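Asker: Got a structure for you, questions after.
No lab work stands behind these numbers, since they all come straight from the coordinates. Please read these numbers as outputs of a predicted model, since none were measured by experiment. Virtual Cβ from ideal backbone geometry, glycine too; neighbours counted across all protein chains shown.
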Amino acid sequence: MTAGAARLLPHADHSQPRGTAMADIDIHNLTDRYVAVWNEPDAERRRAAIRGLWSVDAVHVLQPPQEILQTAEGLGFDRLVLEARGHHALEFRVTRAYEEFVAPGTFVFRSRGNTDRLHDVVKFNWEMAPRDGGEVAGGGLEILMLGPDGRIVSDYQFIEG
């Protein structure tokens, strides 16, 4: 297509809901919904939340905990990154985390309340805490890259302890 032809075509951005602009995104609401999906017991609500949070071809990339990295190194892998791409894989990832940590009634995930944003990048820390109180069992840093519609296109998770 020539540059002249491109000017004749009307511009339509169907990836962004009407009336929603990146500047309108409430990042605290976004991170609250993000953390809530990992605690969601209902599979249908969890599935709907995943579709609302992540774009269709979004990727969740996890830097594994140190013990997994050490095991991988022992097997001859000098680098290990875990990745889930697309709604189906994301649903499997979130469901497995829920089943392992939240469903038994042991832990809940929560934000540390330090959400920050720079253009289309959102960062915050989260923690996994005992449901009945007590010391935090683990946590991490989340870096979210947002698309024009405000949904996550890339999700980088660093386990910090």
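Asker: Suppose each label sits 7 Å from its Cα in the direction of the beta carbon; what would the His28-Asp116 distance come out to in nanometres?
Answerer: 1.7
Asker: Another question, then. Please list log₁₀ I(q)/I(0) at q = 0.09, 0.20 Å⁻¹ for the chain, using the Debye equation with identical point scatterers on the alpha-carbon positions.
Answerer: The calculated log intensity ratios at q = 0.09, 0.20 Å⁻¹ are -0.36, -1.38.
Asker: Okay, moving on. Of the candidates Phe107, Phe77, Phe92, which one comes out as most mobile in a Gaussian network treatment of the chain with C-alpha springs shorter than 10 Å?
Answerer: Of Phe107, Phe77, Phe92, the most mobile in the Gaussian network model is Phe77.
Asker: Could you work out the relative contact order of the chain? I mean the mean sequence separation of Cα pairs under 8 Å and 6+ apart, divided by the number of residues, in percent.
Answerer: Answer for the chain is 26 percent.
Asker: How high is the relative contact order of segment 78-161? Use alpha-carbon pairs under 8 Å, at least six apart in sequence, and give a whole percent.
Answerer: So the answer I get is 18 percent.
Asker: Give me the base-10 log of I(q)/I(0) for segment 85-161 at each q in 0.15, 0.17, 0.22, 0.24 Å⁻¹, Debye formula, one uniform scatterer per Cα, rounded to two decimals.
Answerer: Relative scattering, expressed as log10 I(q)/I(0), comes to -0.61, -0.76, -1.11, -1.20.
Asker: Rank by packing, highest mean first: peptides 79-90, 27-38, with packing defined as the count of other Cβ atoms within 10 Å averaged across residues.
Answerer: The densest-packed peptide leads the list: 27-38, 79-90.
Asker: Let me ask another. Could you work out how far apart the two model spin labels at Val81 and Val61 are, taking each label as a point 7 Å from the Cα in the direction of the beta carbon, and quote it in nm?
Answerer: Distance between label points: 0.3 nm.
Asker: Length gain on complete extension for the stretch Thr106 to Ala72, per 0.36 nm per residue less the alpha carbon to alpha carbon distance?
Answerer: Working it through step by step, the gained length comes to 9.5 nm.
Asker: Starting from the Cα of Lys123, step 7 Å toward the Cβ, then list every residue of segment 139-161 with an amide N under 19 Å from that point.
Answerer: The answer is 139-147, 152-161.
Asker: Using packing as a proxy for protection, rank 121-128, 66-73, 52-59 so that the peptide with the highest average count of other Cβ atoms within 10 Å comes first.
Answerer: 121-128, 52-59, 66-73
Asker: Where does the chain land at 222 nm, in deg cm²/dmol rounded to the nearest 500, when only DSSP H runs of n ≥ 4 count, each adding -39500 (n - 2.57), divided by all residues?
Answerer: Value at 222 nm, helices only, nearest 500: -9500 deg cm²/dmol.
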